[in-house]
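See below for the structure under consideration.
What follows is calculated from the coordinates using simple rules that are stated; it is not laboratory data. Since the model is a prediction, treat every value here as computed from it, not as a measurement. Cβ atoms come from the backbone with ideal geometry, glycine included; neighbour counts cover every protein chain shown.
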Amino acid sequence: MERLEFYINFTILVYILVFLLNCVNGNLVHRKFEYKYSFKPPYLAQKDGSVPFWEYGGNAIASSENVRIAPSLRSQKGAIWTKTPTNFDWWEVDIVFRITGRGRIGADGLAFWYTQNKGAYDGDVYGSSDKWVGLGIFFDSFDNDNKHNNPYIMGMVNDGSKAFDHQNDGSTQLLAGCLRDFRNKPFPTRARVEYYQNTLTVLFHNGMTSNDLDYEMCFRAENVVLPKSGYFGLSAATGGLADDHDVIHFLTTSLWPPGQHPAGGSQAPTDEQQKLTQEYQEYQRKLEQQKEDYRKEHPDARRDKDPDEWFETDNELRQIFQGQSQMYEALRELNKKLDEIIGRQERTLSLVSMQSGGAALAPGQAPPPSGQIPMGDTIRRHEVDAMFTNQNQLINAVREVRQYLSDVQTRTETIINNQAKQPTAQVQPVGSYGMQSLVSEVQDGLNNMKQNFAQFLQKAGKATDCPQSSCVSVTTILIIAVVQLAVLLGYFVYRDNKESQAKKFY
Ligand code: MAN
Ligand code: CA
Ligand code: CA
């Protein structure tokens, strides 16, 4: 029987868990990596220089490690575009890039695009076409309008009608933006552009660490309407001044609201998907073949080395910076721990001050803001010692009170015994002399005790500075004593009655 009950309960629990899991999963955004709209090293470009699923032109150069969209020579323009338009509504793109140049100031900048049509490879807007339909995110290095507000990151949505105001850095046309330095950073800089349910979010990683989590918000804009399907692209340009504009990763993830999972998520793959998978496998196979060929051709080539290390090996400055970054990370960890300890200490202090009655605030006096210790409010050794002494004195006081109470009890018992020893014939009804003498005796005892206790409290109060909230008050003690006496009296009267009733039968 018990087993059956257990089984039923267990089944119900499992159902509840499954239901909860479904709820949680149902609310999650489904993410799918889109390799056809992505590139990354190693083997970013193939031997023939092509980048799978992408096409590039102008002065752009692709290598196995990155795509140099515009090199650090004057008046260069280049761009790279996805071959096919998107077949998903919402997406997130991670771009890892380096913009580097010898000068204190560089130019002109890099642009990320999501547009209805592919742009040109030698256009007027950071190397791409003006009057685009869709979104452009610009990493504008050069301060054309001399407002001392570059390098700047900005987003601009165009319906095909606006010509970009290069001379004024598009300052009146932007959707939103943020002032961030992205040139000559020790680690690659990164941008995360998210377009989900008409909200556009741009996060930026300043390349001062290699930590993947160090993104910060550049801007978020709501009610942004972009073409239903579009091409992703990158473009860059130089002018009188020049930087190298290198993009290392372009990673696209499609985002699917709950209940709108992409076909094939849990269903059978469609023909199109099967074709794509085959295409991808074929590409992977070719890649492996190329790697093998390369190894055969270059048997002395060093293998298994992180491409980043190649770049960094001989760069002392970079090594110093890496060391410093590690120190910075360690310091940050320490700082976090210190914060935790301070938090705990504050909690303990507030508990201690609550227990010792808390420093009552004078009327009108504002409490100190939480998380902040007022100057000089730290607990000191002698204060702790004083607290211990107080506590000991309190314990002794309670002991003495107990002693008094047991005295009262013995006295009461003696009275009761004396009463019982008296001849039964003299047992008097309640209200007669016997009872009165008993009451007056008890009263005397009580008064005596009250006096003693008051004296004691005076003594204890002086010595202990007893807090109001946690000490037993005189009233409480008296109430306890009175209740105890009442019970004893009640018992006494009851017993007398019984005895006198029993006598009637003799
Ligand atoms: C020149 C022009 C500008 C360009 C700057 C910086 O002044 O080519 O268009 O922005 O150089 O490269
Ligand atoms: Ca500019
Ligand atoms: Ca400017």
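If Lys and Arg each add +1 and Asp and Glu each add -1, what is the summed charge of the other residues whose beta carbon sits under 11 Å from the beta carbon of Asp246?
The answer is -1.
Along the Cα→Cβ direction, 7 angstrom out, place labels at Lys286 and Thr199. What is the inter-label distance in nm?
Once both label points are built, they end up 4.0 nm from each other.
So if R0 is 45 Å, what FRET efficiency would Glu222 and Ser63 give, r being the distance between their Cβ atoms, rounded to the nearest 0.05?
For Glu222 and Ser63, the calculated efficiency is 0.70.
Of Tyr56, Met217, His148, which is farthest on the positive side of the dipole of the stretch 29-256, counting Cα position, with +1 on Lys and Arg Cβ, -1 on Asp and Glu Cβ, and the Cα centre as origin?
Towards the positive end, the residue furthest out is Tyr56.
Non-local amide H neighbours of Gly123 (under 5 Å, H modeled in plane, Pro and chain starts lacking H): which ones?
HN-HN under 5 Å from Gly123: Ser128, Ser129.
Between rounded, prolate and oblate, where does the stretch 29-256 land on the alpha carbon gyration tensor, with a ≥ b ≥ c its root eigenvalues, rounded for a/c under 1.5, else prolate if a/b exceeds b/c?
Details: a/c = 1.25, a/b = 1.09, b/c = 1.15.
Rounded.
Considering only the other residues whose Cβ falls under 15 Å of the Cβ of Tyr121, what net charge follows from Lys and Arg at +1 and Asp and Glu at -1?
0
Local charge sum around His261 (other residues, Cβ-Cβ under 15 Å, Lys/Arg +1, Asp/Glu -1)?
Neighbour charge sum, excluding His261 itself: 0.
Using a Förster radius of 22 Å, what is the FRET efficiency between Gln173 and Leu241 based on their Cβ-Cβ separation? Nearest 0.05, please.
Plugging the Cβ-Cβ distance into 1/(1 + (r/R0)^6) gives 0.45.
Do any of Lys32/Lys185; Lys47/Lys83; Lys77/Lys228; Lys32/Lys275; Lys131/Lys275; Lys40/Lys185 go past 26 Å between their Cα atoms, and which?
On the way: Lys32/Lys185 31 Å; Lys47/Lys83 19 Å; Lys77/Lys228 28 Å; Lys32/Lys275 17 Å; Lys131/Lys275 36 Å; Lys40/Lys185 20 Å.
Table pairs above 26 Å Cα-Cα are Lys32/Lys185; Lys77/Lys228; Lys131/Lys275.
Whole-Hz ³J(HN,Hα) for each residue in the stretch 89-105, computed from phi via Karplus 6.51 cos²θ - 1.76 cosθ + 1.60 with θ = phi - 60°, x for glycine and proline: what do you get?
So the Karplus estimates, Gly and Pro as x, are 8, 10, 7, 9, 10, 9, 10, 10, 8, 10, 10, 10, x, 6, x, 5, 10 Hz.
So if I take the centroid of the Cα atoms in the stretch 35-92 and the same for the stretch 187-210, what is the distance between those two points in Å?
With the stretch 35-92 and the stretch 187-210 each reduced to a Cα centre, they are spaced 19 Å.
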